[in-house]
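Report on the following structure.
The values are calculated or read from the model by the stated rules, or taken from the named source; none is laboratory data. Quick caveat: nothing in here was measured; it's all calculated off a predicted structure. As a convention, Cβ positions derive from the backbone with ideal geometry for all residues, glycine included, and neighbour counts pool all protein chains shown. SASA here: full protein model, heavy atoms, side chains in, ligands and nucleic acids out. Shrake-Rupley method; radii C 1.70, N 1.55, O 1.52, S 1.80 Å.
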Amino acid sequence: GAGVSQSPSNKVTEKGKDVELRCDPISGHTALYWYRQSLGQGLEFLIYFQGNSAPDKSGLPSDRFSAERTGGSVSTLTIQRTQQEDSAVYLCASSLEVSGYTFGSGTRLTVV
Amino acid sequence: SQQGEEDPQALSIQEGENATMNCSYKTSINNLQWYRQNSGRGLVHLILIRSNEREKHSGRLRVTLDTSKKSSSLLITASRAADTASYFCAPHRNQGGKLIFGQGTELSVKP
């Protein structure tokens, strides 16, 4: 597609459940990023994929968070045993190596 | 860290006035990018300025970069109510490539 697509756009889940968030980057973009933004806060870097290199996972807040990028394209962010503090908007972005990022519209996750 | 720090945190102006936002950073960079965010959803890339550039224009936007002072500014001329948004700067190094965003400047343009 023409842009970065994220699904679902909204997700409400019960505390303790696992959730999967999906990101379809722009075709041909080698880099893919996940960020998290809590209400009224800035963007918190989570994880970064670049081509076939090992992902930079330095921003993942705990081992309950993991992400995969299959075939250099679609990425899935998985949060296990969700907690209320995981409630946030999760943003995905993709880019070519030396260019601006294109962001998706995000997934708003609410843990109740 | 590679994070940019925006200043001021909040800015309120009248429609038609100019808005200036500043960004400071600490590391060497290959480029610096500015983004806008409306309503807490996806960011929109506004402009990228390379480290060998000093000024760049795009429509009503003017960005300057001073690598000796490790600072950048974003000027929005003749502001409109639709410019109301949060604005983020992101210094970028090609190697290791991730963007780290600051808290942003929240701009409010009153009609």
Inset, instruction - Can you tell me which residue among A:SER62, A:SER53 is among the small types (Gly, Ala, Ser) and under 18 Å from A:VAL111 (Cα atoms)? - result: A:SER62
Legend entry - Among (1) without any contact (Cβ under 8 Å) to a residue 60 or more places away in the chain; (2) within 21 Å of A:SER105 (Cβ to Cβ), the one test that A:PRO25 misses: (1)
Legend entry - So B:LYS56, is it open to solvent by 10 Å² or more (accessible area, probe 1.4 Å), within 13 Å of chain A (Cβ to nearest Cβ) and modelled with pLDDT of 95 or more: yes
Legend entry - Conditions (1) part of a strand (DSSP E or B); (2) farther than 23 Å from B:ARG93 by Cβ; (3) at the interface with chain B (Cβ under 10 Å from one of its Cβ atoms); number of the one not met by A:TYR33: (2)
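Filter segment B:80-111 down to the residues that are of a type in the set (D, E, K, R) and within 14 Å of chain A (Cβ to nearest Cβ), then identify the one that is nearest to A:TYR33 (Cα to Cα). Lay out the reasoning, then the answer.
Our first condition is that a residue be of a type in the set (D, E, K, R); within segment B:80-111, this holds for B:80, B:83, B:93, B:98, B:106, B:110.
Restricting the remaining residues to those that are within 14 Å of chain A (Cβ to nearest Cβ) gives B:93, B:98, B:106.
Details: B:ARG93: 15, B:LYS98: 8, B:GLU106: 24 Å.
Among them, the one singled out is B:LYS98.
Got at least one residue in segment B:22-41 being more than 14 Å from chain A (Cβ to nearest Cβ) and of a type in the set (Phe, Trp, Tyr)?
There is at least one residue in segment B:22-41 that is more than 14 Å from chain A (Cβ to nearest Cβ) and of a type in the set (Phe, Trp, Tyr).
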Legend entry - Top-ranked residue of segment A:43-59 - restricted to ones that are open to solvent by 70 Å² or more (accessible area, probe 1.4 Å) and either at pLDDT below 90 or touching a Gly at 6+ places or on another chain (Cβ under 6 Å) (or both), ranked as farthest from the other protein chains (Cβ to nearest Cβ): A:ASN52
Legend entry - Filtered residues of segment A:68-112 (kept if outside any loop (DSSP other than H, G, I, E, B), open to solvent by 20 Å² or more (accessible area, probe 1.4 Å) and free of Cβ contacts under 8 Å to residues at least 40 places away in the same chain): A:GLU68, A:ARG69, A:THR70, A:GLY71, A:GLU85
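This table checks each residue for (1) closer than 23 Å to A:VAL4 by Cβ; (2) not aliphatic (A, V, I, L, M).
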| position | (1), (2) |
| --- | --- |
| B:THR20 | no, yes |
| B:SER24 | no, yes |
| B:ILE29 | no, no |
| B:ILE76 | no, no |
| B:ALA82 | yes, no |
| B:HIS92 | yes, yes |
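Looking at this structure, is B:SER28 on the phi < 0 side of the Ramachandran plot, assigned to a strand (DSSP E or B) and in contact (Cβ under 8 Å) with a residue 60 or more places away in the chain?
Numbers: on the phi < 0 side of the Ramachandran plot: yes; assigned to a strand (DSSP E or B): no; in contact (Cβ under 8 Å) with a residue 60 or more places away in the chain: yes.
No; evaluated as a whole, the condition is false for this residue.
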Inset, instruction - Restricting attention to segment A:15-42, report how many residues are open to solvent by 20 Å² or more (accessible area, probe 1.4 Å), touching a strand residue (DSSP E or B) at 6+ places or on another chain (Cβ under 7 Å) and among the small types (Gly, Ala, Ser). - result: 1
Inset, instruction - Quick one: in segment B:68-79, of everything that is surrounded by 17 or more Cβ atoms within 10 Å (Cβ to Cβ) and either of a type in the set (Ser, Thr, Tyr) or at the interface with chain A (Cβ under 9 Å from one of its Cβ atoms) (or both), which residue is farthest from A:GLN50 (Cα to Cα)? - result: B:SER79
